[in-house]
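Bear in mind these aren't lab numbers, they're just calculated from the coordinates by the rules spelled out. On a predicted model such as this, the values are computed, not experimentally measured, just so you know. Quick reminder, even Gly has a Cβ in these numbers, built from the backbone with ideal geometry, and neighbours come from all protein chains shown.
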Amino acid sequence: MAHVDVAALEVKVKDMYRRVAEQPYGEYHFEMGRGLAQRLGYPAEILDLIPDGAIESFAGVGYFLDLADLAPGERVLDLGSGSGMDSFAAAALVGETGRVIGVDFTEEQLAKARRLAEAAGLKQVEFHAGRIESPQVADASVDCVISNGVINLAPDKAKVFAEAARVLRPGGRLAVADIVTDRQLTDAIVSNADLWASCIGGAAQQDSYRKAITDAGLRVERVRDNAYAFLTQQARDASATYGVRSICLLAVKPIG
């Protein structure tokens, strides 16, 4: 299978999500904002607790917090936290005794999330610069790992899931929303950095995606489709041809 130019991909991803942070009302291949969040299933009572600036830059692909089943006092790691939408939602669920760590590599997203957290007085949330393939988090220190529409952008998904398994305590959960495919994408699509940055080129075939999770030592417990649609014709064509779609998934790290 062909490989994408990782350096070119990083430039394109950072540029796109810089604009998502700074120009949330611009035109993109994906929908954004509160309307999207509501259609995906975010309850109004949760959205009302999240800073407006995080909601306006929300570009997720599903709602998984019901699967995550977060409880007060838990520790959460958000991989690819962006402007903080899901980190802030998780903070509302784990409360002041919990802790949420967001990891992102786009400076403008981090700056926005940190600014919003400080303004809201959310001391249990912190945002770290880093990559989802190598979060600087201790072994077995997290109750739940979450991620929304980001793992498809990672060239080494197996490494992402291995790191999620590493940081999770036994019995901990991985709850994600992501883009997958029914059919394997062509070499021309996979090697196109523009299509990767558009959440198309890096989408793994669903069986391979699930295998990478189980190979990391996690047990997949639930998978469901999301009410999500791309906006551009190119993305819609890929969806029709290859079954590119959004799913939510819950996996658990076995005890013992």
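Per-residue answers, yes or no, for (1) in a strand (DSSP E or B); (2) within 15 Å of L77 (Cα to Cα); (3) among the hydrophobic types (A, V, I, L, M, F, W, C):
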position	(1), (2), (3)
P155	no, no, no
V160	no, yes, yes
R173	yes, yes, no
A188	no, no, yes
L195	no, no, yes
R210	no, no, no
I213	no, no, yes
Residue in segment 161-169 that is more than 23 Å from A89 (Cα to Cα), crowded, with 24+ Cβ neighbours inside 10 Å and touching a residue at least 12 places away in the same chain (Cβ under 8 Å) present: no
Selection within segment 118-155 - surrounded by 15 or more Cβ atoms within 10 Å (Cβ to Cβ), more than 15 Å from S83 (Cβ to Cβ) and over 15 Å from the mean Cα position of the chain (by Cα): Q124, V137, S141, V142, D143
Inside segment 1-45, can you point out the residues that are crowded, with 18+ Cβ neighbours inside 10 Å and over 27 Å from L195 (Cβ atoms)? Y42
In this structure, does A90 turn out to be in contact (Cβ under 8 Å) with a residue 12 or more places away in the chain, among the aliphatic types (A, V, I, L, M) and in contact with a helix residue (DSSP H, G or I) (Cβ under 8 Å, 6 or more places away or on another chain)? yes
Filtered residues of segment 226-252 (kept if under 11 Å from A203 (Cβ atoms), over 17 Å from the mean Cα position of the chain (by Cα) and not in a helix (DSSP H, G or I)): G243
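For every residue, the table says whether it meets (1) more than 24 Å from R236 (Cβ to Cβ); (2) of a type in the set (A, V, I, L, M).
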position: E10; (1), (2): yes, no
position: M16; (1), (2): no, yes
position: R19; (1), (2): no, no
position: M32; (1), (2): no, yes
position: L36; (1), (2): no, yes
position: G41; (1), (2): no, no
